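Working notes, beginning with the structure itself.
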Amino acid sequence: MQPTAQNAPRLMPRPLGRSPNMDEAQSSVTTTKRKTLYFLLGGLLLSVGTPTYLGLVRPDVAFYLLQPTIFAVQSLPYLLAAGLWLPWGSPRASRIGQALASLQ
């Protein structure tokens with residue numbers, strides 16, 4: 001068997017806490033966070049865009065749909081979810097955030 005980087009003898013011990021696939025894990029977390037962000041932005045756009053669109057298309061219900069309170073209440077779950085799960089570095093929290101963002 002030819003010595004390669006994976007099976008070559010180590011002269012120095014590997015630092016604790018670093019796995020050989022750390023770069024892959026970091027990019028996976030980044031990918032998961034990016035997907036979660038896309039789900040949250042899409043949901044936020046739909047939750048704010050739907051009353052806006054209906055209020056502009058149907059003038060008879062515009063008074064009820066174009067209230068600032070509606071936009072604040074509609075966007076609150078998405079902003080809360082983004083604040084809770086996007087800054088965290090743990091893969092478990094990112095997976096939970098992505099699952100919840102896709103359910104909203």
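Each residue in region 71-87 was checked for being of a type in the set (A, V, I, L, M) and either modelled with pLDDT under 90 or loosely packed, with under 11 Cβ neighbours inside 10 Å (or both), and 6 of them qualify. Name every residue in region 57-104 that is in a loop (DSSP other than H, G, I, E, B), polar (S, T, N, Q) and farther than 27 Å from Thr32 by Cα, in order of residue number. Passing the criteria: only Gln67.
A quick yes/no check of all residues on (1) in a helix (DSSP H, G or I); (2) closer than 22 Å to Gln98 by Cβ; (3) at pLDDT 85 or above; (4) among the acidic types (Asp, Glu):
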| site | (1), (2), (3), (4) |
| --- | --- |
| Ala8 | no, no, no, no |
| Arg14 | no, no, no, no |
| Val29 | yes, yes, no, no |
| Thr32 | yes, yes, no, no |
| Phe39 | yes, yes, yes, no |
| Leu46 | yes, yes, yes, no |
| Thr50 | yes, no, yes, no |
| Gly55 | yes, no, yes, no |
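If you go through region 88-104 one residue at a time, do you hit one that is at pLDDT 80 or above, surrounded by 16 or more Cβ atoms within 10 Å (Cβ to Cβ) and of a type in the set (Gly, Ala, Ser)? No, that holds for no residue.
The values are calculated or read from the model by the stated rules, or taken from the named source; none is laboratory data. Not measured: the values here are computed from a predicted model. With ideal geometry, Cβ positions are generated from the backbone for all residues, glycine too; neighbour counts draw on all protein chains shown.
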